[in-house]
Amino acid sequence: MANLVRAKISALGTYVPPRLLTNEDLEKMVETNSQWIMERTGIKQRHIVDKGVGTSHLATEAAKKALAERGMSGSEIEAIFLGTVTPDMSFPATACLVQNNLGAKGAWGYDISAACSGFVYALQTGVKFVESGAHKRVLVIGADVMSSIIDYTDRATCVIFGDGAGAVIVEPATDENYFMDFVHEVDGSGGCFLNMPGGGSLHPASHETVDKKMHFVHQDGQQVFKYAVRKMAEASERVLERNGFKGTDVDLFVPHQANKRIIMSAADRLGMKEDKIIINIDMFGNTTAGTIPLALDSARQQGRLKKGDLVLIASVGAGFTVGAALLRWAC
Ligand SMILES: CC(C)(COP(=O)(O)OP(=O)(O)OC[C@H]1O[C@@H](n2cnc3c(N)ncnc32)[C@H](O)[C@@H]1OP(=O)(O)O)[C@@H](O)C(=O)NCCC(=O)NCCS
């Protein structure tokens, strides 16, 4: 049998902009209160960019940290896959801007639009390019500036989202600690429940689209909530079962950070105890494609992520998009 190449994460870096937007700040902007936000979402604060800062900046800073951790320069990277729904502009791809910022002269790459599943989708792509033998050093990034598409007069959405980015380097595995499996699903019938309708080819930017607030996030929170709880658990069960594991075998569950209640309900269905779950939504809010690397980094800083740990990642996002990954942590 041919020698099977497996892939691992060899380094991790994250970045959030310094400016904080707290629940108390939001109390002054819309009719809400800090306690409601905490109880219904688990969020205390989010980081927000200053004017003139785009997703490529956050992505570049996160990538630089991952490269520094690995002792690698940008020129050693062969490909960049970047999950985002808030690219600096429609084109060129933010991956191209990051490639230039990093001096990654030998790298190609592209953006992946899968909303809150963007990082998991980009990760699957990076892992497959390594497993196929096509590449040996791939940069996978999840980055979003959600504040650029949020209506800060809409209390139902403006309390949830924040800005942030994370990057990992994916390389061939050298031991038993590698990606075992991924599952992905798309359910396009859910597109109506969470979207930003303006600015695309269907509704190009015009005075009318601006007046109708079509360049902001629109969501049916309860529909998204129900779908997220069900699918986060189902995708996790599927990836665990087909690799011979149960929820109780997992050392660390790293869910997309959309709402603390979504995470706890999904974890409950999987039979997971709270000490196995990483939750940092209180600090960052929902940073869309940034949440999972930010959560991995929080786990590491808290000393809760060790080499060899069985890690389960799960996400649900607009689309709907669903993703789960099972791996043994390698760095
Ligand atoms: C958005 C979300 C937090 C709303 O929480 P909820 O418990 O479902 O709240 P509801 O929408 O049922 O609203 C309950 C009440 O709170 C009010 N409310 C909504 N936002 C509020 C806010 N920021 N502050 C205070 N009250 C608020 C509503 O107007 C409603 O009032 P009413 O009963 O007088 O009509 C929740 O639905 C959610 O998290 N959904 C998933 C969203 C998500 O994760 N999106 C990203 C997906 S990856």
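Computed from the coordinates by the stated procedures, all read-outs in this text should not be read as laboratory data. All figures in this text were calculated on a predicted structure; none of them were measured in a lab. Here Cβ is always computed from backbone atoms with ideal geometry, including for glycine, and neighbour counts include all displayed protein chains.
Data table
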{"quantity": "Calculated over region 7-172: convex hull of Cα atoms, volume per residue (Å³)", "calculated": "109 Å³"}
{"quantity": "DSSP-defined antiparallel bridges as percent of all bridges, region 179-328, nearest 5", "calculated": "75 percent"}
{"quantity": "Cα centroid separation - region 195-214 against region 72-132, whole Å", "calculated": "27 Å"}
{"quantity": "Over the chain, relative contact order from alpha-carbon pairs under 8 Å, at least 6 apart, %", "calculated": "25 percent"}
{"quantity": "Computed helical MRE - 222 nm, the chain, DSSP H runs ≥ 4 contributing -39500 (n - 2.57), nearest 500", "calculated": "-9500 deg cm²/dmol"}
{"quantity": "DSSP H segments from the chain that extend 18 Å or more along their own axis, Cα-based, with Kyte-Doolittle mean of -1.0 or above", "calculated": "55-70, 118-131, 221-241"}
{"quantity": "Under 17 Å from the Cα of K306 - lysines, other chains or at least 8 residues apart", "calculated": "K8, K276"}
{"quantity": "Sparsely packed trypsin sites (Lys or Arg not before Pro) within region 1-108, loop by DSSP, other Cβ within 10 Å at most 11", "calculated": "K28, K51, K105"}
{"quantity": "GNM top mover of P17, P204, P87 - the chain, alpha-carbon springs below 10 Å", "calculated": "P204"}
{"quantity": "Highest-MSF residue in the chain out of T84, T22, T94 [GNM, Cα springs under 10 Å]", "calculated": "T22"}
{"quantity": "Cα gyration tensor shape for region 179-328, rounded if a/c is under 1.5, else prolate or oblate", "calculated": "prolate"}
{"quantity": "Neighbour count of at most 10 Cβ within 10 Å plus DSSP loop: longest GluC sites (Glu not before Pro)-free window in the chain", "calculated": "177-331"}
{"quantity": "Percentage relative contact order, region 179-328, counting C-alpha pairs under 8 Å, at least six apart", "calculated": "36 percent"}
{"quantity": "Principal axes of the chain: Cα extent on each, largest first, Å", "calculated": "61, 46, 36"}
{"quantity": "Sequence-distant lysines (8 or more away, or on other chains) whose Cα lies within less than 22 Å of K213", "calculated": "K28, K51"}
{"quantity": "Which listed pairs, of K64/K226; K231/K273; K65/K246; K226/K273, have C-alpha distances above 27 Å, in listed order", "calculated": "K64/K226; K65/K246"}
{"quantity": "Mean Cα-pair separation over length for region 1-144, i.e. relative contact order, pairs under 8 Å, 6 or more apart, %", "calculated": "27 percent"}
{"quantity": "Cα gyration tensor shape of region 143-264, rounded if a/c is under 1.5, else prolate or oblate by comparing a/b with b/c", "calculated": "prolate"}
{"quantity": "Trypsin sites (Lys or Arg not before Pro) within region 257-291, DSSP loop, no more than 12 other Cβ atoms inside 10 Å", "calculated": "K273"}
